[in-house]
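Take a look at the structure set out below.
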Amino acid sequence: MMAKSKLMQILTDAQLADLVSRSSLLEGEVNKPKVLLDANGYIYKFFYQPDRILSSRTLFPPFKQFAKNSQTLLKRNIQTVSICDTMTAQDKRFDAIRYQAIEGRDFREHLKQSDNDDISMIVDIMAELHHQGVFFRAIHLGNILHRPNGDYALIDISDCWFSFGPLNAFKRARNLAHLMNYHADRHYFSRYGNERFLNEYALKGKLNKANLWFIKTYIRHKGVEL
Ligand SMILES: Nc1ncnc2c1ncn2[C@@H]1O[C@H](COP(=O)(O)OP(=O)(O)OP(=O)(O)O)[C@@H](O)[C@H]1O
Ligand SMILES: [Mg+2]
């Protein structure tokens, strides 16, 4: 019996040029696209080979991590993209994945046009992710989509780590510090109130006083004013 293995499709340069010509470029350049949206509502995300020959990215290619993380997140009831295909360039200079675009816009865009108090939705999202044992390293408001029905979905999920139970206080603190310190987003949190955000997160996540104290101390140490 033949082993069941899903072969990666080859994307030739001519096919790539054709794809670029009928898609909108969301990130990157025409000669080196990073994220494309085609007319059928599919997103193509490209992962280029690192310049260095030996890199952790050669051993653990981000597109494979992305696909694996998508499955784990969905199993934990966290909404995210699900991968339809994986592709590779003829000369292997990139790998790409295709997934359906999700209706909505990222939270950074959403907050620009809505009440800043909508950041309270991020309180719920962080409490849920951490409760489900999800450490989403690339957390920032551009990587969380706000959907018209009020739900959310994670994108850009190459770099996640999962624990068996809920995240411990140290991982929670690191993740929150990253989120609240992110240069493009920090003003949304300070306008809402950094301390208020953390108090609400602790309440939602049913954290005890010692853990909240640890998280606040860590975050303050990372330069977030409370
Ligand atoms: N499934 C999706 N549905 C809707 N829009 C998406 C989706 N995936 C990506 N996008 C849009 O494309 C933009 C860029 O996508 P993504 O965050 O994956 O790449 P990136 O930010 O360029 O990657 P990186 O953060 O690694 O530099 C997002 O901010 C979002 O607007
Ligand atoms: Mg992104």
_Give me the net charge for the shell around residue 77: Cβ to Cβ below 12 angstrom, other residues only, Lys and Arg +1, Asp and Glu -1._
0
*Karplus couplings for region 209-215 from phi (6.51 cos²θ - 1.76 cosθ + 1.60, θ = phi - 60°), rounded to Hz, Gly and Pro as x?*
4, 5, 5, 5, 4, 4, 4
*With every protein chain present, what is the per residue accessible area of the chain (1.4 Å probe, Å²)?*
57 Å²
*Please calculate the 1.4 Å probe accessible area of residue 84, with all protein chains present, and give it to the nearest 10 Å².*
40 Å²
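For region 9-100, what % of the accessible area comes from carbon and sulfur atoms, probe 1.4 Å? Intermediate values should be presented prior to the final figure.
On the way: 2750 of 5470 Å².
Ligands and nucleic acids excluded, carbon and sulfur reach 50 percent.
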*What is the helix-to-structure angle for 62-75, meaning the angle in degrees between its Cα long axis and the longest Cα principal axis of the chain, kept from 0 to 90 and rounded to the nearest 10?*
60 degrees
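Grab the DSSP H runs of the chain that are 4 residues or longer, score each as -39,500 (n - 2.57), total them, divide by all residues and round the 222 nm result to the nearest 500 deg cm²/dmol.
Working: 9 runs with 89 residues, N = 226.
Calculated at 222 nm, the ellipticity per residue is -11500 deg cm²/dmol.
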*Determine which aspartates and glutamates satisfy two conditions relative to residue 204: a Cα distance under 20 Å, and not lying fewer than 8 residues away in the same chain.*
117, 118, 124, 128, 151, 195
*Name the residues whose placed amide hydrogens come within less than 5 Å of the amide hydrogen of residue 133, ignoring near sequence neighbours (fewer than 5 apart) on the same chain.*
167
*How big is the accessible area of residue 29 in square angstrom, nearest 10, if you roll a 1.4 angstrom probe over the protein chains?*
120 Å²
*Quick one: Cα centre-to-centre distance for region 68-129 and region 186-217, in angstrom?*
24 Å
*Expressed as an acute angle from 0 to 90° and rounded to the nearest 10, what is the orientation of the C-alpha long axis of helix 194-204 relative to the principal long axis of the chain?*
90 degrees
*So how exposed is residue 174, as accessible area in Å² (1.4 Å probe, rounded to 10)?*
90 Å²
*Between residue 76 and residue 209, what is the label-to-label distance in nm when each label sits 7 Å out along the Cα-to-Cβ direction?*
3.0 nm
*What's the angle, to the nearest 10 degrees (0 to 90), between helix 120-131's Cα axis and the longest principal axis of the chain?*
80 degrees
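How large a share of the accessible area of region 105-221, in percent, is made up of carbon and sulfur atoms when the probe is 1.4 Å and the other protein chains stay in place?
51 percent
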*asked:* 5 Å is the cut-off here: which amide hydrogens, built 1.01 Å from N in the peptide plane, fall below it relative to residue 105, excluding neighbours closer than 5 in sequence?
replied: 146
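The values are calculated or read from the model by the stated rules, or taken from the named source; none is laboratory data. Only a predicted model underlies this, so the values are computations on that prediction, with no experimental measurement involved. Here Cβ is always computed from backbone atoms with ideal geometry, including for glycine, and neighbour counts include all displayed protein chains. Only protein heavy atoms, including side chains, enter the accessible area calculation; ligands, DNA and RNA are left aside. Shrake-Rupley method; radii C 1.70, N 1.55, O 1.52, S 1.80 Å.
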